[in-house]
Amino acid sequence: MAPDRVWVPLIAWPATAQVVPEPLGVVLIFSCWNFPLGLSLEPLIGALAAGNAVALKPSELSPCTARFLADNIGRYLDASAVKVVNGGPEVGEQLMEHRWDKVLFTGSPRIARSVMAAAARHLTPVALELGGKCPCIFDAAAAGARDLQVSANRIIAGKWSSCAGQACIAIDYVLVEERFAPALIKVLKSTLKRFFQETEHMARIVNERHFERLSGLLKDRAVAPSILHGGSVDANNLYIEPTILLNPPLDSAIMTEEIFGPLLPIITVKKIEDSIAFVKAMPKPLAIYAFTRDAALRRRVVEETSSGSVTFNDAVVQYAIDGLPFGGVGQSGFGQYHGRHSFEMFSHKKAVMKRGYLLELTLRYPPWDESKVTLMRYLYRFNYFAFVLAFLGLRK
C-alpha cells in the first residue's frame with residue numbers, strides 16, 4: 001500500500017511527511033468454528049499482505065476444516081511465513097505463553113477474557129471479534145404486504161440461515177410495536193414452515209454443551225409460557241426447531257445472554273421509537289438491524305446508538321461488502337478487518353519526515369527576544385501573511 005502524504009506546517013518547511021505502513025512482525029490468529037474457512041483465510045490474507053508471519057490456530061470444534069487448512073496451507077504458502085497449529089484449548093493456552101506482535105481472537109467473551117489476560121503479560125495488542133445480542137428493529141407502520149413478506153424472509157435468513165443462529169452477527173431478538181406483533185408473527189410462522197419443510201434443511205447445534213445450554217433457555221419456567229412457535233428438541237441429533245417467543249422476561253437468561261442458536265424472542269414496545277432506548281440500555285452489539293422506511297428513525301438509529309455496524313432493511317449481508325470494516329465496539333469486540341482494513345489492522349503506521357538544509361528558521365532557537373516571540377505568535381495563529389511581512393522587516 002502506497003504511503004499517505006501529509007501536510008507540513010510552515011515552521012517545518014520545506015519538508016516531506018508521510019505515513020509508511022510496516023509489518024507488525026509475527027501475529028497469531030484464532031479462528032472460530034461456525035465459519036471456519038472464511039474467518040481463517042480472510043484475516044490471514046490481510047496479515048500476509050501487510051508483510052507479517054502468521055500462526056493460525058483453527059477451532060478444534062471444526063476438525064475437518066482444521067485438517068484441511070493444515071494439509072493445504074503449507075502446500076501452497078511459504079512454511080516459514082505461515083504455520084497452522086491444531087489442537088484443543090490447551091494448545092491455545094500454550095500459544096499465548098509466547099510473545100506475539102498481535103493476536104486476533106474470534107469467539108466468545110468468556111475465552112476472550114483469558115486471551116486478553118495472557119496477552120497482557122507481554123503487552124501484546126489484541127483484536128477481539130466477539131458478538132453480543134444483535135437487535136432487529138421492525139417498523140411496520142408504513143409496511144405493505146410485500147414489505148412485510150420481504151422483511152420476514154430477510155429476518156429468517158438473518159436468524160436461522162446462518163448456522164441456525166450460531167453466528168456472531170445473527171439476529172438475536174426483534175423489537176416491534178405491540179399492535180403490529182401479531183401480523184409479524186403470523187408471516188414469520190408461515191414463512192418458516194415454507195423455508196424449513198424438512199429438519200434436514202436446518203443446521204445442527206455444534207455440540208452437546210451448546211445444545212444443553214440452548215435447551216436450558218427454553219426449559220426456564222419463566223420463559224416456557226412465551227413460546228409461540230417451535231420449541232421441540234432432539235438431543236440425539238442435536239436439533240432444535242426454529243422457535244419464536246413473545247415477550248420472555250427481560251431478566252431471563254434468554255434476554256441477558258447472547259442466544260447463539262435458533263431461538264428468536266420478539267419484544268413489543270408501545271412506539272417503535274422506544275426501541276432506541278431499549279437498544280441503548282443493552283451492551284453495545286456487533287450489529288444493529290432495522291427494517292423501516294422512516295428516514296427519521298434511520299437517522300436516530302445511526303446517531304443515537306453504538307454498534308459495530310448498522311444495516312437497514314436486511315441482515316447479515318453487510319459482512320459480504322469488503323469495503324466495509326467488520327468489527328465490534330465495547331463488549332462486542334474491538335479491532336476491524338475486511339479488505340484494506342485487514343491490511344491496516346496488521347500494520348504499524350510509521351510517521352516519516354524528511355527536511356533539507358536550504359532554509360533555516362532561527363526563531364526556533366534561543367535567545368527568544370520580542371521579535372522572535374512575535375513571529376512565533378503569527379505562526380501559531382496561522383497568520384502567515386503577517387509572518388512574512390514581519391520576517392522581511394515590513395511590519396513591526
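The values are calculated or read from the model by the stated rules, or taken from the named source; none is laboratory data. Note that the coordinates shown come from a computational prediction; the quantities given were computed from them, not determined experimentally. So basically every Cβ, Gly included, is an ideal-geometry build from the backbone, and we count neighbours across all protein chains shown. Note: accessible area is taken over every heavy atom of the protein model, side chains too, but ligands, DNA and RNA are not part of it. Shrake-Rupley method; radii C 1.70, N 1.55, O 1.52, S 1.80 Å.
Exactly one of these conditions fails for residue 211: (1) of a type in the set (A, V, I, L, M, F, W, C); (2) at pLDDT below 95; (3) open to solvent by less than 20 Å² (accessible area, probe 1.4 Å). Give me its number.
(2)
Please verify whether the stretch 303-317 includes one or more residues that are hydroxyl-bearing (Ser, Thr, Tyr), part of a helix (DSSP H, G or I) and either more than 30 Å from residue 113 (Cα to Cα) or touching a Leu at 6+ places or on another chain (Cβ under 9 Å) (or both). Break it down stepwise before answering.
Kept after step one, since they are hydroxyl-bearing (Ser, Thr, Tyr), are these residues of the stretch 303-317: 305-307, 309, 311.
Next, from what is left, pick out any that are part of a helix (DSSP H, G or I): none.
Among the residues of the stretch 303-317, not one is hydroxyl-bearing (Ser, Thr, Tyr), part of a helix (DSSP H, G or I) and either more than 30 Å from residue 113 (Cα to Cα) or touching a Leu at 6+ places or on another chain (Cβ under 9 Å) (or both), which makes the answer no.
Which number in (1) touching a residue at least 60 places away in the same chain (Cβ under 8 Å); (2) part of a loop (DSSP other than H, G, I, E, B); (3) not aromatic (Phe, Trp, Tyr) marks the one condition that residue 124 misses?
That leaves (1) as the condition not met.
In the set 316, 223, 310, which member is in contact (Cβ under 8 Å) with a residue 12 or more places away in the chain and either over 30 Å from residue 197 (Cβ atoms) or acidic (Asp, Glu) (or both)?
Values: 316 fails: either over 30 Å from residue 197 (Cβ atoms) or acidic (Asp, Glu) (or both); 223 fails: either over 30 Å from residue 197 (Cβ atoms) or acidic (Asp, Glu) (or both).
Being in contact (Cβ under 8 Å) with a residue 12 or more places away in the chain and either over 30 Å from residue 197 (Cβ atoms) or acidic (Asp, Glu) (or both) holds for just one of 316, 223, 310, which is 310.
Could you tell me which residue of the stretch 96-153 is farthest from residue 285 (Cα to Cα), considering only residues that are within 17 Å of the chain's Cα centre (by Cα) and of a type in the set (Val, Ile, Thr)?
Filtering first and then ranking leaves 103.
Could you tell me whether residue 70 is touching a Gly at 6+ places or on another chain (Cβ under 7 Å) and of a type in the set (A, V, I, L, M)?
On the way: touching a Gly at 6+ places or on another chain (Cβ under 7 Å): no; of a type in the set (A, V, I, L, M): yes.
No, not satisfied.
Given the criteria within 22 Å of residue 90 (Cβ to Cβ), within 24 Å of the chain's Cα centre (by Cα) and not hydroxyl-bearing (Ser, Thr, Tyr), does residue 49 qualify?
On the way: within 22 Å of residue 90 (Cβ to Cβ): no; within 24 Å of the chain's Cα centre (by Cα): yes; not hydroxyl-bearing (Ser, Thr, Tyr): yes.
When the stated conditions are applied, residue 49 does not pass them.
For the stretch 340-349, does any single residue satisfy the condition of being under 25 Å from residue 102 (Cβ atoms), open to solvent by 40 Å² or more (accessible area, probe 1.4 Å), among the aromatic types (Phe, Trp, Tyr) and not in a strand (DSSP E or B)?
No, the stretch 340-349 has no match at all.
Might you let me know whether the stretch 257-274 holds any residue that is without any contact (Cβ under 8 Å) to a residue 40 or more places away in the chain and aliphatic (A, V, I, L, M)?
no
Specify the residue that is nearest to residue 387 (Cα to Cα); the eligible residues are those in the stretch 13-31 that are at pLDDT 95 or above and open to solvent by less than 30 Å² (accessible area, probe 1.4 Å).
Only one residue tops the list, namely 25.
Residue-by-condition table, conditions (1) out of contact with any Pro (no Cβ under 9 Å at 6 or more places or on another chain); (2) at negative phi:
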residue: 311; (1), (2): yes, yes
residue: 317; (1), (2): yes, yes
residue: 322; (1), (2): yes, yes
residue: 330; (1), (2): no, no
residue: 349; (1), (2): no, yes
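Yes/no matrix, rows are residues, columns are (1) in contact with a helix residue (DSSP H, G or I) (Cβ under 6 Å, 6 or more places away or on another chain); (2) part of a helix (DSSP H, G or I); (3) not acidic (Asp, Glu):
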site	(1), (2), (3)
64	no, yes, yes
70	no, yes, yes
74	no, yes, yes
80	no, no, yes
83	no, no, yes
94	no, yes, yes
97	no, no, no
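In the stretch 64-107, how many are surrounded by 15 or more Cβ atoms within 10 Å (Cβ to Cβ) and of a type in the set (S, T, N, Q)? Reasoning before the result, please.
Of all residues in the stretch 64-107, those surrounded by 15 or more Cβ atoms within 10 Å (Cβ to Cβ) come to 65-66, 68-70, 73, 77, 82-86, 92, 95-96, 100-107.
Pick out the ones that are also of a type in the set (S, T, N, Q) and you get 65, 86, 106.
So the count comes out to 3.
Condition (residue is without any contact (Cβ under 8 Å) to a residue 24 or more places away in the chain, in a loop (DSSP other than H, G, I, E, B) and exposed (fewer than 13 other Cβ atoms within 10 Å of the Cβ)) applied to the stretch 377-387: is it met by at least one residue? Break it down into steps so the answer makes sense when it comes.
Keep residues of the stretch 377-387 that are without any contact (Cβ under 8 Å) to a residue 24 or more places away in the chain, which gives 377-378, 380-383, 385-386.
Filter once more, so that each one left must be in a loop (DSSP other than H, G, I, E, B): 381-383.
Within this subset, residues satisfying the condition of being exposed (fewer than 13 other Cβ atoms within 10 Å of the Cβ) are 381-382.
Yes, because at least one residue in the stretch 377-387 is without any contact (Cβ under 8 Å) to a residue 24 or more places away in the chain, in a loop (DSSP other than H, G, I, E, B) and exposed (fewer than 13 other Cβ atoms within 10 Å of the Cβ).
Can you tell me how many residues within the stretch 278-310 are buried (at least 20 other Cβ atoms within 10 Å of the Cβ), more than 30 Å from residue 33 (Cβ to Cβ) and of a type in the set (A, V, I, L, M)? Before the answer, list the steps.
We begin by selecting, within the stretch 278-310, every residue buried (at least 20 other Cβ atoms within 10 Å of the Cβ); these are 279, 285-292, 301, 305, 307-309.
Among the residues that remain, those that are also more than 30 Å from residue 33 (Cβ to Cβ) are: 292, 301.
Now drop any that are not of a type in the set (A, V, I, L, M), which leaves 301.
Residues in the stretch 278-310 being buried (at least 20 other Cβ atoms within 10 Å of the Cβ), more than 30 Å from residue 33 (Cβ to Cβ) and of a type in the set (A, V, I, L, M): 1 in total.
Of the residues that sit in the stretch 231-251 and are in contact with a helix residue (DSSP H, G or I) (Cβ under 8 Å, 6 or more places away or on another chain) and among the small types (Gly, Ala, Ser), which one is most open to solvent (accessible area, probe 1.4 Å)?
Only one residue fits best here, namely 235.
Looking only at residues that are under 18 Å from residue 161 (Cβ atoms) and outside any strand (DSSP E or B) in the stretch 259-277, which one is most open to solvent (accessible area, probe 1.4 Å)?
260
Going through 178, 200 one at a time, which residue ends up being in contact (Cβ under 8 Å) with a residue 24 or more places away in the chain, open to solvent by 50 Å² or more (accessible area, probe 1.4 Å) and among the acidic types (Asp, Glu)?
Values: 200 fails: in contact (Cβ under 8 Å) with a residue 24 or more places away in the chain.
Going through 178, 200 in turn, just one is in contact (Cβ under 8 Å) with a residue 24 or more places away in the chain, open to solvent by 50 Å² or more (accessible area, probe 1.4 Å) and among the acidic types (Asp, Glu): 178.
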